[in-house]
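Here, each number is a calculation from the coordinates, and none is a lab measurement. Values in this document were obtained by computation on a predicted structure and should not be read as measured data. Heads up, the Cβs are rebuilt from the backbone with ideal geometry, glycines too, and the neighbour counts pull from every protein chain shown.
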Amino acid sequence: MVWSAAMFNSGRLLFCGALVLSACREQSDVGEACPMELPTADDTASESSVAYPATVEINTEFPCDSLVCVAMSGRPAYCTSECRADASCPDAFECRVVNETGPFAGRKYCVWRRCRVQLECGDVSKYDCIEGYYGPEEPPGLCGQTSDEE
């Protein structure tokens, strides 16, 4: 097979495009703080139910690339993005349905990954498995930035 200049340039263009896409994924703002107003905890919630409702909001005032914020499991709101699979989310995040009802029902977003140990969260210098009661889900922890620990 003879390589022409056009074939070489096409291959180089594909390689450069792949580098740009991987760089974009690394520079995601998923997990960054977001100024969404959160509903208050349900005072009647028992230990077997979720005290904090999962909330998704799209707002042009949000400082997020996708303009979408999510709040789950009693954690502060953070930037997220819609996804189809875990592979499209950054380290320490998984792709999950946040709401079963309402305008965002069935849509998947990158949310903090459920975990048992720190290694499940990716880069141990940035993320940790933070234990706590986050509702009836197993496992008992959620990934978070190491500075999120109290």
| Taking amide hydrogens as modeled 1.01 Å from N in the peptide plane, which residues meet the under 5 Å criterion relative to Gly144, leaving out close sequence neighbours? | Asp128, Ile130
| note | Given backbone amide H placed at 1.01 Å from N, residues whose amide H is under 5 Å from that of Cys34, ignoring those fewer than 5 places away on the same chain, are Ala77, Tyr78, Cys79
| said: If each residue of separation counts as 0.36 nm, what is the full-extension length gain between Glu100 and Asp123 once their alpha-carbon separation is subtracted? | reply: 5.2 nm
| query | Which whole-Hz couplings ³J(HN,Hα) result when phi for each residue of the range 102-119 is put into the Karplus expression 6.51 cos²θ - 1.76 cosθ + 1.60, θ = phi - 60°, listed in order with x for Gly and Pro? | reply | x, x, 10, 4, x, 7, 9, 9, 6, 10, 3, 5, 6, 8, 10, 9, 4, 4
| note | Whole-Hz Karplus couplings 3J(HN,Hα) for the range 53-60, θ = phi - 60° and coefficients 6.51, -1.76, 1.60, Gly and Pro as x, run x, 7, 10, 10, 9, 10, 8, 5
| said: Quick query: amide H of Asp29 versus all other amide H atoms, modeled in the peptide plane; which residues come in under 5 Å with a sequence gap of 5 or more or a different chain? | reply: Asp65
| request: Quick one: order Arg113, Arg107, Arg96 by neighbouring beta-carbon count within 10 Å, fewest to most. | output: Arg107, Arg96, Arg113
| request: Please turn the phi angles of the range 67-83 into ³J(HN,Hα) values with the Karplus equation 6.51 cos²θ - 1.76 cosθ + 1.60 (θ = phi - 60°), one per residue in order, whole Hz, x for glycine and proline. | output: 6, 10, 10, 9, 9, 9, 6, x, 8, x, 5, 8, 5, 9, 8, 6, 8
| For labels at Ser88 and Thr146 in the simple 7 Å Cα→Cβ model, what's the distance in nm? | 3.1 nm
